[in-house]
Amino acid sequence: MEKFELTLQSQPAIDAYIADSHLMPDEKAILAEITDVIAAGDAKQLNWFAGFGDSFRAILMNVNHYRKGLEFGFTAIAFTGYGWFAAPQFLDFELIRFERSEIRIGRGPNGLWAYAKFSDYGCAGGGGPLCVFCKKYPSREAVLDAALSELKADFTKYLNHSDTTNYKQDVVQKTLKAIAAYQVGRVQLNLF
């Protein structure tokens, strides 16, 4: 990727980038902000944007990542050795395993929670990281309810599936039993 320096004279480069790119709504909004900053001649604010990378792509992705982190209360600005925004670490992180699958939950500094899951059906599977792009929940109980419901629905969908190579029925059944046992344990804890 070609290095780029964002300056008050960068509007033609921004216009060319917009014309040559298929931008997401968040990216369009950030570029519109940068355009407004250039039009206002606000070098200080432009330097803030420029501090997020040395290419349009890096600036857009890093600013978006930072702002998504703000929604969880993360305020630090840090970058990896490769120039990408460093993922903030969630507080009260928990990893809950169900046979070969798992859910990960965590809380941001402002009290909002998120989850990510990894599903292993035997051969098929997949998941994603716990990050600031995950859906926000107001409490640990709410995030656990949502995560368990999604994981259970995913595995229920493959119960008695005809593709037993990718969706091994013993794995699917054991995982569903583990989820049910965990849910019963949560109910019992709430009773006392």
Could you tell me what percent of the accessible area of the range 10-72 is made up of carbon and sulfur, with a 1.4 Å probe and every protein chain present?
57 percent
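Could you sort 9-19, 23-33, 169-179 so that the peptide with the highest average Cβ count within 10 Å comes first and the rest follow in order?
169-179, 23-33, 9-19
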Run the reach check for Lys44 against lysines, Cα to Cα strictly under 29 Å, same-chain hits fewer than 8 apart removed. What comes back?
Lys3, Lys28, Lys68
What number comes out for accessible area per residue over the range 49-192 if the probe is 1.4 Å? Units Å², please.
52 Å²
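Determine the share of the range 97-190's accessible area contributed by carbon and sulfur atoms, expressed in whole percent, with a 1.4 angstrom probe.
The nonpolar share, carbon plus sulfur, comes to 53 percent.
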Relative contact order as a percentage, the range 67-171, C-alpha pairs under 8 Å and 6+ apart, gives 23 percent
Rounded to the nearest 10, the angle in degrees between the Cα long axis of helix 140-157 and the longest principal axis of the Cα atoms of the chain comes to 70 degrees
With axes computed from alpha carbons, what is the tilt in degrees of helix 169-191 against the longest principal axis of the chain, rounded to the nearest 10 within 0 to 90?
90 degrees
Contact order normalised by length for the range 1-148, with contacts defined as Cα pairs under 8 Å and 6 or more residues apart; what percent is it?
16 percent
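Given that compact globular proteins tend to follow 2.2 N^0.38 Å, what is the ratio of the alpha-carbon Rg of the chain to that value? Could you put the intermediate results ahead of the total?
Details: Rg = 21.8 Å, N = 192, 2.2 N^0.38 = 16.2 Å.
Scaled against compact globular proteins, the figure is 1.35.
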Below 8 Å between Cα atoms, with a sequence gap of 6+, how large is the relative contact order for the range 74-120 in percent?
27 percent
In whole Hz, the Karplus estimates of ³J(HN,Hα) for the range 65-71 (6.51, -1.76, 1.60; θ = phi - 60°; x where Gly or Pro) are 4, 4, 5, 5, x, 4, 5
Angle, helix 25-40 long axis vs. longest principal axis of the chain, Cα atoms, 0 to 90°, nearest 10?
20 degrees
Estimated inter-spin distance, Leu70 and Ser139, nm [label 7 Å along Cα→Cβ]:
2.9 nm
Partner lysines for Lys174 [C-alpha distance under 18 Å; skip if fewer than 8 residues away on the same chain]
Lys117, Lys152, Lys157
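The values are calculated or read from the model by the stated rules, or taken from the named source; none is laboratory data. Everything quoted here is computed from the prediction, not taken from an experiment. Cβ sites come from the backbone with ideal geometry, for glycine too, and all protein chains shown count toward neighbours. Surface areas here come from the heavy atoms of the whole protein model, side chains and all, with no ligands, DNA or RNA. Shrake-Rupley method; radii C 1.70, N 1.55, O 1.52, S 1.80 Å.
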